[in-house]
Amino acid sequence: MNDVFIMVIAIVAISVGAGVYRDYLKTQRQIGKNTEADSDLQAELMRLAARVAVLEEIVTDSKYQLNRELESL
């Protein structure tokens, strides 16, 4: 009778352990995907920041301001 309970407990423990390990592996894969996505987003952010810097230079340029004033007349 004791052997049956030990066998049931062993089967349950193995099943739970396998489920935990499967979830752990799934989480690790998801972390790897997030890291790739984060680096892609970081690169896109850097490109956009460079574009904004160029646009700020154009808008604050005195020739651009003079042209806008002439056009408004």
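Numbers below:
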| quantity | calculated |
| --- | --- |
| Residue in segment 9-18 that is touching a Phe, Trp or Tyr at 6+ places or on another chain (Cβ under 7 Å), at negative phi and in a helix (DSSP H, G or I) present | no |
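Matching residues to (1) in contact with a Cys (Cβ under 7 Å, 6 or more places away or on another chain); (2) surrounded by 10 or more Cβ atoms within 10 Å (Cβ to Cβ); (3) among the small types (Gly, Ala, Ser):
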site	(1), (2), (3)
ASN2	no, no, no
PHE5	no, no, no
ALA18	no, yes, yes
TYR21	no, yes, no
SER39	no, yes, yes
SER62	no, no, yes
LEU66	no, yes, no
LEU70	no, no, no
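Readers should treat all values here as calculations from the given coordinates under stated rules, not as data from a laboratory. None of the values given here were measured: they were computed from a predicted structure. Cβ: placed from backbone, ideal geometry, glycine included. Neighbour counts: every protein chain shown.
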